[in-house]
Amino acid sequence: MKNQPRTLPAAPVRLAGQNIVLREWDEADIPALIEMYDDPEIDRWTPVPSPFDAEAARAYLGRAREARAEGRRVQLAITADGGQPQGEVLIWWDDLDDRDIELAYGVGSRFRRRGLASAAVTVATGYALQHCGARRVLLRIEADNAPSAAVARSAGFAPTTDEPVAREAKGRRALLRTWGHGNGEPAP
């Protein structure tokens, strides 16, 4: 269902909870961004280019800033205290139904298995439901991506009955299952 285009709140976003701080990226974060995204597991599950070097990181931040300025997407560094980025969570209005917000996330290899992705998804979901007025918050996950499915479950998401979503990235077609978290509605 397509309604009129919606934008995300314009104010800089800094969210805290679940023992993490989510904050917007800056130029000083380029080394951490490279470390996080120049990783075979990130390459396997995301459309981010690989190899991911300083040039790719600057281009990535440029696209993130452009999308942020237009109110289309917010990309937040996952940190323990507002300092060194350990991962990222992305927030945007869903392409298929603009009453819903979609999230994506990734955590750097040396910071995995600490609950950071689950915490970030939980905090970002609260933001989307409370401050953006989303009907549902969605995660789109490939069937074989067991770690992401575990994050979804841990953050209170459940698989929906929505049809799988096909996306193309890096010459590969992926079918993504939708996981949802509602805003006062019965669980999907």
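Here are a few things to note about the model shown:
- Residue list for segment 5-20, restricted to those being modelled with pLDDT of 95 or more and open to solvent by less than 20 Å² (accessible area, probe 1.4 Å): ILE20
- Any hit, segment 68-81, residues being out of contact with any His (no Cβ under 9 Å at 6 or more places or on another chain), farther than 20 Å from ALA117 by Cα, of a type outside the set (A, V, I, L, M, F, W, C) and open to solvent by 60 Å² or more (accessible area, probe 1.4 Å): yes
- Taking the criterion of being surrounded by 14 or more Cβ atoms within 10 Å (Cβ to Cβ), under 17 Å from PRO12 (Cβ atoms) and either free of Cβ contacts under 8 Å to residues at least 24 places away in the same chain or of a type in the set (Ser, Thr, Tyr) (or both), the only residue of segment 58-67 that qualifies is ARG65.
- When ALA134, ALA120 are checked against the criterion of being buried (at least 20 other Cβ atoms within 10 Å of the Cβ) and assigned to a loop (DSSP other than H, G, I, E, B), a single residue qualifies: ALA134.
- Check on ALA28, modelled with pLDDT of 95 or more, assigned to a strand (DSSP E or B) and among the aliphatic types (A, V, I, L, M): no
- Qualifying residues in segment 31-46 (those that are in a loop (DSSP other than H, G, I, E, B) and either open to solvent by 60 Å² or more (accessible area, probe 1.4 Å) or not acidic (Asp, Glu) (or both)) - the one farthest from TYR105 (Cα to Cα): ASP38
- Among (1) touching an Asp or Glu at 6+ places or on another chain (Cβ under 7 Å); (2) over 20 Å from VAL13 (Cα atoms); (3) open to solvent by less than 20 Å² (accessible area, probe 1.4 Å), the one test that ASP97 misses: (1)
The values are calculated or read from the model by the stated rules, or taken from the named source; none is laboratory data. All values derive from a computational prediction rather than experimental measurement. Note: ideal-geometry Cβ built from the backbone for every residue, glycine included; neighbour counts use all protein chains shown. For accessibility, only protein heavy atoms count, side chains too; no ligands or nucleic acids. Shrake-Rupley method; radii C 1.70, N 1.55, O 1.52, S 1.80 Å.
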